[in-house]
1. Which one of 34, 40 is open to solvent by less than 90 Å² (accessible area, probe 1.4 Å), touching a helix residue (DSSP H, G or I) at 6+ places or on another chain (Cβ under 8 Å), at pLDDT below 80 and not in a helix (DSSP H, G or I)?
2. Kindly provide the set of residues from the range 128-153 that are under 17 Å from the mean Cα position of the chain (by Cα), free of Cβ contacts under 8 Å to residues at least 24 places away in the same chain and surrounded by 15 or more Cβ atoms within 10 Å (Cβ to Cβ), ordered by number.
3. What number of residues within the range 211-249 satisfy the criterion of being in contact (Cβ under 8 Å) with a residue 12 or more places away in the chain and either in contact with a Lys or Arg (Cβ under 8 Å, 6 or more places away or on another chain) or among the hydrophobic types (A, V, I, L, M, F, W, C) (or both)?
4. Can you tell me which residue within the range 328-337, out of those that are more than 13 Å from the ligand (Cβ to nearest atom) and more than 24 Å from the chain's Cα centre (by Cα), is least open to solvent (accessible area, probe 1.4 Å)?
5. So residue 321 fits all but one of (1) at negative phi; (2) away from the ligand (no atom under 13 Å from the Cβ); what number is the exception?
6. Under the condition of being away from the ligand (no atom under 11 Å from the Cβ) and of a type outside the set (Ser, Thr, Tyr), which residue from the range 277-288 is surrounded by the fewest Cβ atoms within 10 Å (Cβ to Cβ)?
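The values are calculated or read from the model by the stated rules, or taken from the named source; none is laboratory data. On a predicted model such as this, the values are computed, not experimentally measured, just so you know. FYI the Cβ positions are ideal-geometry reconstructions off the backbone, even for glycines, and counts take in every protein chain you see. Only protein heavy atoms, including side chains, enter the accessible area calculation; ligands, DNA and RNA are left aside. Shrake-Rupley method; radii C 1.70, N 1.55, O 1.52, S 1.80 Å.
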Amino acid sequence: MNKKLTIFISIIIVILLIGITVLTIFKIYKPNKPLNAESPSAYSDNSLSVMKSLDLYETINNKAYSKTIEVLLENNALKKEYLNIYYEIDYVDLNNFSSIINQLIAKTYNSEEINYILTYIKDDINILLNMEYIDILAFKNITNFDINNLDRYLAYQEKNTDYDLATVVTYVNIGLDKEGYSEYTEYTTEEVNNDLTILVNKYHKLPDDYVPNDLVSLSYNENYYLRQQAAQAFESLTAAGILEGVIFYPFSPYRSFETQSVLYNRYVARDGIASADTYSARPGFSEHQLGLAVDVRSSNLSDNLTPEHYEWMLDNSYKYGFIVRYPKGKQHITQFIEEPWHLRYLGIELATKVHDSGLTYDEYYDIYMKTQD
Ligand SMILES: [Zn+2]
């Protein structure tokens, strides 16, 4: 026989022997590891015995380990008919995990929906468990979706089938599905003092005794007040208008709670509550009480802006920190008739963003500024 071949075969045999020895030692000294290589050791003994009792030992062990399966087994909650779905569900550390996924599957949620629910709805899953199946993934990309408002979204959507879901969510969050002012948020005085961006509308009320602490007079009339920053910005806006031939005058800046009461009650006496509510804020619900809103007019003889003035205001006021708060075509959101003359100060940065978004401040605030719970 060829000598080289003999040596070669000998080397192969030695290598094989060393390999077998190493593998054997490795196996022997690996504690708890059964010699049978097919055996899955990842499952706990408890799980293994439940598996056997369900006659699923082979089935489960022929698949990769699943923490979800193990937890179900340990809680004695595994249902054979759901086995394939369980494998697609990622385990999440939640109380009653087993019971929750069984209930969701029973309600016909699929694994993708369940994974979404387990990750994003977490603490509020009970809301879903207490209702029929809904298309939860339809809300997936709606950033201001609030599970606590779910039943309101569904009711509002049913009545307003022409709105898309994102609109439904925003409108309900604003409070547009409510009648009257039943559940408004009342701000504390402290919060208001520190915040130029505060939202005031029919659902967000100022404290009765709130008076801004930095009111200053406008140069046009020493009895007209705005908060300092808004007043300065208003002077700049007025000056910019003059340079472009657009002259306008302030006629209603800061108003106290008491002044607003007198005004509102006068309108109610004249036109009735329903009508007054469309154009005058109830006391406590007016931006004028913030010292950050001012009404402007084109001449001292009229309470309005000419269309040209209004256009200019829409295109330019944000550069000085003001938005037209109740624009045309948005009554169904702002809950006020169009008021081209009513400007709200937000600061240049925010006013620019709101202007560019094309949204009302009510919508913008809900979508982009509400602090997440
Ligand atoms: Zn106004």
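1. Numbers: 34 fails: touching a helix residue (DSSP H, G or I) at 6+ places or on another chain (Cβ under 8 Å).
One residue alone meets the criteria, 40.
2. Residues satisfying the conditions are 150, 153.
3. 17
4. Residues of the range 328-337 more than 13 Å from the ligand (Cβ to nearest atom): 328-333, 335.
Narrowing the set further to residues that are more than 24 Å from the chain's Cα centre (by Cα) leaves 328-329.
Numbers: 328: 106, 329: 53 Å².
Selected residue: 329.
5. Condition (1) is where residue 321 drops out.
6. We begin by selecting, within the range 277-288, every residue away from the ligand (no atom under 11 Å from the Cβ); these are 277-278, 282-285.
Checking which are of a type outside the set (Ser, Thr, Tyr) leaves us with 277, 282-285.
Working: 277: 20, 282: 17, 283: 21, 284: 22, 285: 21.
Ranking the qualifying residues of the range 277-288, first place goes to 282.
Condition check ((1) among the β-branched types (Val, Ile, Thr); (2) within 25 Å of the chain's Cα centre (by Cα); (3) closer than 30 Å to residue 297 by Cα) across all residues:
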{"residue": "164", "(1), (2), (3)": "no, yes, no"}
{"residue": "201", "(1), (2), (3)": "no, yes, yes"}
{"residue": "219", "(1), (2), (3)": "no, no, yes"}
{"residue": "232", "(1), (2), (3)": "no, no, yes"}
{"residue": "241", "(1), (2), (3)": "no, no, yes"}
{"residue": "244", "(1), (2), (3)": "no, no, yes"}
